[in-house]
Number of protein chains: 2
Amino acid sequence: MALIVQKFGGSSVANAERVMNVAGIVADTYKAGNDVVVVVSAQGDTTDDLIEKAKEINPNAPRREMDMLLAAGEQISISLLAMALIKMGLPAISLLGWQAGFHTNSSYGSARIKSVKADRIKMELDRKNIVIVAGFQGLCKYDDVTTLGRGGSDTSAVAIAAAMHADRCQIFTDVEGVYTADPRKVPNAKKLKEITYDEMLELATLGAQVLNNRSVEMAKKYNVELEVLSSLNRVPGTIVKEVTNMEKMLVRGVTKDTDVARISVIGVPDVPGVAYKLFGKLAAKNINVDIILQSVGRDGTKDITFTVARSNADEALEVINSCNLFGGSNVVCDTSVAKLSVVGAGMETHPGTASTMFEALFDVGVNIQMISTSEIKISVLIDENDADRAVSAVHKAFFPED
Amino acid sequence: MALIVQKFGGSSVANAERVMNVAGIVADTYKAGNDVVVVVSAQGDTTDDLIEKAKEINPNAPRREMDMLLAAGEQISISLLAMALIKMGLPAISLLGWQAGFHTNSSYGSARIKSVKADRIKMELDRKNIVIVAGFQGLCKYDDVTTLGRGGSDTSAVAIAAAMHADRCQIFTDVEGVYTADPRKVPNAKKLKEITYDEMLELATLGAQVLNNRSVEMAKKYNVELEVLSSLNRVPGTIVKEVTNMEKMLVRGVTKDTDVARISVIGVPDVPGVAYKLFGKLAAKNINVDIILQSVGRDGTKDITFTVARSNADEALEVINSCNLFGGSNVVCDTSVAKLSVVGAGMETHPGTASTMFEALFDVGVNIQMISTSEIKISVLIDENDADRAVSAVHKAFFPED
């Protein structure tokens with residue numbers, strides 16, 4: 001007997017049929033003798049519909065009231081799932097975020113979990129209930145409903161698993177696990193059996209979109225073993241856990257991220273402090289800068305190039321213009337770029353990874369604009385139009401056809 | 001400056017436009033210098049839609065989970081109304097039933113309010129907030145969400161008004177107040193300026209459908225002054241309060257109720273205990289009996305006739321049949337009857353009321369099947385097909401054309 005936390009996203013409970021499907025998965029886990037805590041998101045488009053309702057009335061609705069509104073979405077899905085399990089003859093009870101003991105700070109709309117006081121969950125498990133918890137929501141010290149923001153339900157699930165020392169936290173989604181590349185784009189992409197937290201974090205950051213970063217960080221911090229798997233096909237997924245004697249792989253995956261803009265400030269004075277001022281001003285506006293490249297000074301000037309999310313590009317340009325280009329002669333912004341990355345804890349000890357990647361790109365004629373490396377990742381900036389072709393070529397270099 | 005509680009039903013907040021209309025009413029009350037607490041129901045068809053969702057999954061869903069589900073409806077409407085007021089530049093905050101301090105018993109689906117601990121409401125009023133409270137819902141001792149059942153939001157509003165000693169509790173609806181008869185049927189029906197709690201209770205019971213009975217009973221018990229008025233036209237409504245120096249009126253209103261079935265058990269033995277057994281068995285099945293008429297015994301037998309709600313008729317017949325007609329020879333059920341009533345505290349001291357009513361019915365050829373009287377009401381049972389004609393005639397007798 002184990003304690004299993006299972007999380008199902010909005011598309012998994014979008015309608016009555018899907019709710020019954022989820023109930024079937026939960027029921028099987030329970031009947032196998034496990035204690036089961038289930039975390040669910042709002043059904044399908046519910047959250048978007050509620051946001052639409054709010055916009056009609058007040059496009060600048062305060063976050064506190066938005067949280068009050070949106071939290072109704074999970075309230076609906078948890079009660080429906082409980083009803084489905086009860087219909088199957090199983091004991092089940094639904095709990096709102098506050099009933100499940102989720103205490104958060106008061107950053108409405110993007111609250112952070114401060115603690116999970118799981119007394120009620122434990123009591124219901126002792127009574128042999130399947131406990132269905134509303135994801136994405138909690139209560140702050142003012143006794144107000146809060147929501148956790150993007151990917152909040154994943155985080156809720158991991159937080160419960162951490163607080164209760166669950167044996168496993170299963171994140172059900174519409175893919176069968178984590179792949180070496182996007183399987184819709186790269187036909188021979190392979191599903192990984194295992195992956196480390198750090199590799200998963202890099203993949204999530206790089207646009208693999210399987211697991212929310214906050215939830216992976218929390219899982220790493222509290223050593224919660226995650227499994228990413230499909231709610232539609234009953235096959236084993238990908239386990240995310242700390243490296244122990246994990247199967248050695250040079251590279252875990254190849255990803256692309258097209259939400260990138262490249263900005264270059266040309267001809268800034270080659271004196272100390274320019275980069276500090278530039279990135280300080282951007283940070284003050286909460287603009288996240290990713291890859292940074294500074295040219296070697298020549299003729300007393302240098303060029304500074306960096307990437308930001310496309311949605312931040314205009315604001316970044318405003319900052320630069322309002323500061324007279326920091327003494328530069330020109331600023332250039334290119335939004336038709338993509339970031340291609342290979343991720344793998346194995347590459348730390350394999351210096352050949354970068355050259356394999358660059359060779360694969362050279363072979364298909366893809367120009368590399370910028371390069372950035374970390375211990376477990378190599379990213380290159382390329383033309384957006386080359387991205388899919390580049391992913392295939394690099395994937396093939398690391399995962400030859402069977 | 002006064003403390004005003006305002007309640008708006010589901011049709012008053014059915015869409016964005018109506019929510020803005022309600023916000024306008026609330027805003028005017030607040031700008032006039034009042035403290036305002038607003039109670040709202042779920043938007044339009046939300047509750048029905050949620051019930052439909054539940055039925056798809058589990059037609060016999062447990063009430064605890066139904067309450068969890070349905071409570072989401074008010075959560076949506078309170079946040080939207082708060083957003084609307086904030087858009088108008090006014091300070092507003094929404095509170096769920098439990099945040100507003102509604103403690104109920106654990107009769108899920110039809111919970112009774114045990115207390116309203118209005119500390120949070122008071123704190124928000126002190127901060128000059130307009131406080132928007134979710135009607136229809138509370139929290140029981142198990143920390144579970146409960147709903148109050150039919151007319152619950154009216155009851156929520158009166159309970160807050162009682163707990164906070166509000167100066168007035170305004171119940172907004174789609175009619176302009178309480179009328180001497182149904183204005184859709186009787187063209188010269190008059191809107192009443194005032195009415196007593198007891199008169200309102202009789203009218204509600206008799207099918208006037210303006211105010212929920214539980215809320216009127218609670219208002220009477222705690223002496224909360226109610227006003228029934230329209231959310232669409234800004235005109236004074238009808239005040240419901242204790243008799244003081246209220247305008248003297250013989251009769252307040254004429255109503256009909258067609259949710260009536262007449263059952264006669266013919267030829268039961270004229271011995272003690274038959275009525276006790278009959279009505280005891282019906283009460284055990286929770287069947288509410290209204291008018292009762294027992295014939296004078298003759299030849300050792302008597303007939304017992306009574307009325308029940310039509311939905312209870314079949315079950316009442318089953319009870320009677322299962323008890324061998326209580327020794328009677330026959331049982332007859334007529335579902336094409338209607339109850340016509342005149343209500344008015346003035347009739348206590350005016351013995352002529354009954355004869356005026358009977359004369360009006362005689363003049364239009366309506367046969368009276370049964371008669372029942374109380375201190376402030378006279379009801380007669382007539383053929384359903386005569387009902388509208390009878391209401392007009394009786395109304396005309398008490399309220400001559402201007």
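Bear in mind that the values in this text are calculations on the coordinates, not laboratory data. All values derive from a computational prediction rather than experimental measurement. Every residue, glycine as well, gets a Cβ built from its backbone with ideal geometry; the counts of neighbours run over all protein chains shown.
At-a-glance table
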{"item": "DSSP-defined beta bridges in the protein assembly as shown - what % are antiparallel, rounded to 5", "result": "60"}
{"item": "10 Å Cβ neighbours from other chains, averaged over peptide A:188-201", "result": "0"}
{"item": "log₁₀ of I(q)/I(0) at q = 0.06, 0.07, 0.10 Å⁻¹ - the protein assembly as shown, Debye sum with one point per alpha carbon", "result": "-0.54, -0.69, -1.10"}
{"item": "Translational D in µm²/s for the range B:259-402 (Stokes-Einstein at 37 °C, 0.692 mPa s, Kirkwood Rh from C-alpha pairs)", "result": "200"}
{"item": "The range B:230-294: radius of gyration over Cα atoms, expressed as a fraction of 2.2 N^0.38 Å", "result": "1.91"}
{"item": "Top positive-direction residue, dipole computed over the protein assembly as shown with Cβ charges, set A:A189, A:C140, B:G10", "result": "A:C140"}
{"item": "Ratio of Rg to Rh over the range B:342-402 (Cα coordinates, Kirkwood Rh, two decimals)", "result": "0.95"}
{"item": "GNM result for chain A, Cα springs below 10 Å: residue of A:A159, A:A16, A:A360 fluctuating most strongly", "result": "A:A16"}
{"item": "Test item: A:142-152 mean partner chain Cβ contacts at 10 Å", "result": "2"}
{"item": "Label distances, nm, A:K281 versus same residue in remaining copies, Cβ-directed 7 Å point", "result": "9.2"}
{"item": "Summed side-chain charge close to B:V186 - residues other than B:V186 whose Cβ falls under 13 Å, Lys, Arg +1, Asp, Glu -1", "result": "+4"}
{"item": "Backbone HN-Hα couplings from phi across the range A:41-57 [Karplus 6.51/-1.76/1.60, Hz, Gly and Pro as x]", "result": "8, 5, 4, x, 8, 3, 4, 4, 4, 5, 4, 4, 4, 5, 4, 4, 9"}
{"item": "Within a Gaussian network of chain A (alpha carbon springs, distance under 10 Å), most fluctuating of A:E194, A:E225, A:E17", "result": "A:E17"}
{"item": "Label 7 Å beyond Cα on the Cβ vector: A:I292 copy-to-copy distances, nm", "result": "8.9"}
{"item": "Average beta-carbon neighbours from other chains, 10 Å sphere, peptide B:13-25", "result": "2"}
{"item": "Nearby lysines by direct alpha-carbon distance to A:K31 (threshold 27 angstrom, same-chain neighbours under 8 apart not counted)", "result": "A:K7, A:K87, A:K117, A:K122, A:K128, A:K193, A:K241, B:K53, B:K55"}
{"item": "Most mobile listed residue (B:V158, B:V331, B:V240) in chain B, GNM with C-alpha springs under 10 Å", "result": "B:V331"}
{"item": "Distribution of pairwise C-alpha distances over the range B:3-173, 10 Å bins, in %", "result": "11, 42, 34, 11, 1"}
{"item": "Estimated dipole of the protein assembly as shown in Debye, rounded to 20 [Cβ of Lys and Arg +1, of Asp and Glu -1, Cα centre]", "result": "1460"}
{"item": "Cβ nearest the rotation axis (B onto A), residue from chain B and distance to the nearest whole Å", "result": "B:A72, 2"}
{"item": "Cα-based convex hull, the range A:329-373, per residue volume (Å³, whole number)", "result": "113"}
{"item": "Unit charges on C-beta of K, R, D, E only; dipole of the range A:3-173, Debye", "result": "400"}
{"item": "Cα-Cα P(r), chain A, percent of pairs per 10 Å interval", "result": "5, 20, 26, 25, 17, 6, 1, 0"}
{"item": "7 Å along Cα→Cβ, label-point gaps from B:D388 to other copies, nm, shortest first", "result": "6.7"}
{"item": "Dipole of the protein assembly as shown, positive end: most advanced residue of B:T305, B:V228, B:S156 [Cβ charges, Cα centre]", "result": "B:S156"}
